[in-house]
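A quick write-up on the structure given underneath.
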Amino acid sequence: MAKKRKARNSVGTRRVRVFRFLGWAALLGFAISLLLVMPLRWIDPPTSAFMLRDRLAGVAVNQEWVDWDRIGSALPIAVVASEDQKFPSHHGFDLESMQDALEGGAGRGASTITQQVAKNLYLWPRRSWVRKGIEAWLTLLIEATWPKRRILEVYLNIAEFGPGIYGAGAATQHYYGRTPDRITPEQAARLATVLPSPKRIDPTGGSEYVNKRAAWIVAQVRGLGGYGYLAEIDRPR
């Protein structure tokens, strides 16, 4: 009897230790993720996980940070129209698009701009349930700690627009020889067409896909009401 009681106590002690370890591990993970995310609300990230991947592979990376006030109006609304039209109102996830993707429906894809920031800034491109889980947590944390304007500003500075070409500043100079605030709405729409596959699509080429997609984006921008659609987020907080 005493041996059974001792065995039960031993099992109970091990369970307490396991739960205590898991609790401390969760707390440590939360603290680390907060330290990774929170400062970038104010500090411009010097690089991203995707840029580091390219550098390690020997790819020359072209990126120059451009502050929100110098990005202009054409590219932000073109990117939102192309990638995430519910960006101003959602809390990191577009549940309707996720449902469409699960059902095999066509559309812009299920990943929101915030999810893409989490992936491009901190994670790796290869899909897995582990990556998606970490991405979801970082997405929630970014939405909770950064204003929408900051999320879009960071995205426009770390998104890949071509092989080794990251951010609006490098992209507009490379393709059009202009700063982001000097490109036309049509040029912005063509740049936005490359985002799903930046290593394969050239916005200055005459491909049927780019022409049709850019025309669709321009029409979507008009339907959303132009840059005024982003008026709610275009205020520092």
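The values are calculated or read from the model by the stated rules, or taken from the named source; none is laboratory data. Since we're looking at a predicted model, the values are computed, not measured. A quick note on method: Cβ atoms are made from the backbone with ideal geometry, for glycine too, and the neighbour counts reach across all protein chains shown.
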Practice task
Tell me, yes or no, whether region 182-201 has at least one residue that is more than 25 Å from K119 (Cα to Cα), of a type in the set (D, E, K, R), in contact (Cβ under 8 Å) with a residue 12 or more places away in the chain and assigned by TED's automatic domain parsing to the domain that holds M51.
Solution key: yes
Handout entry: Filtered residues of region 69-100 (kept if without any contact (Cβ under 8 Å) to a residue 12 or more places away in the chain and either surrounded by fewer than 16 Cβ atoms within 10 Å (Cβ to Cβ) or assigned to a loop (DSSP other than H, G, I, E, B) (or both))
Key = D69, S89, L95, E96, Q99
Practice task
Within region 172-181, identify whether any single residue is in the same structural domain as K212 (by TED's automatic domain parsing), small (G, A, S), assigned to a helix (DSSP H, G or I) and modelled with pLDDT of 95 or more, and answer yes or no.
Solution key: no
Practice task
Kindly establish whether L141 is at pLDDT 95 or above and farther than 19 Å from A231 by Cα.
Solution key: yes
Exercise for the section: Identify, from the list G205, G167, the residue that is at pLDDT 95 or above, in the same structural domain as E64 (by TED's automatic domain parsing) and not acidic (D, E). Expected result: G167
Practice task
For region 165-181, enumerate the residues that are in contact (Cβ under 8 Å) with a residue 24 or more places away in the chain and in contact with a strand residue (DSSP E or B) (Cβ under 7 Å, 6 or more places away or on another chain).
Solution key: I165, Y166, G167, A170, H174
Handout entry: Residue check for A26: without any contact (Cβ under 8 Å) to a residue 40 or more places away in the chain and farther than 30 Å from G226 by Cβ
Key = yes
Exercise for the section: Please specify each residue of region 46-68 satisfying the condition of being free of Cβ contacts under 8 Å to residues at least 60 places away in the same chain, exposed (fewer than 11 other Cβ atoms within 10 Å of the Cβ) and either within 20 Å of the chain's Cα centre (by Cα) or outside the structural domain of A171 (by TED's automatic domain parsing) (or both). Expected result: P46
Problem - Qualifying positions in region 209-237 - assigned to a loop (DSSP other than H, G, I, E, B) and surrounded by 14 or more Cβ atoms within 10 Å (Cβ to Cβ) - result: I233, D234
Exercise for the section: Restrict the check to region 193-208 and report whether at least one residue is touching a Ser or Thr at 6+ places or on another chain (Cβ under 6 Å) and assigned to a helix (DSSP H, G or I). Expected result: no
Fill in the blank from the handout: Subset of region 191-227, residues hydroxyl-bearing (S, T, Y) and touching a Phe, Trp or Tyr at 6+ places or on another chain (Cβ under 9 Å), comes to T193, T204
Practice task
Scan D202, D234 and give me the residue that is over 18 Å from A81 (Cα atoms) and of a type in the set (D, E).
Solution key: D202
Problem - Selected residue (only one of L22, L27, L52, L40 is in a helix (DSSP H, G or I) and touching a Leu at 6+ places or on another chain (Cβ under 9 Å)) - result: L40
Completion exercise
Counting only residues in region 109-129 that are surrounded by fewer than 20 Cβ atoms within 10 Å (Cβ to Cβ) and closer than 16 Å to A81 by Cα, the one modelled with the highest pLDDT is identified as A110
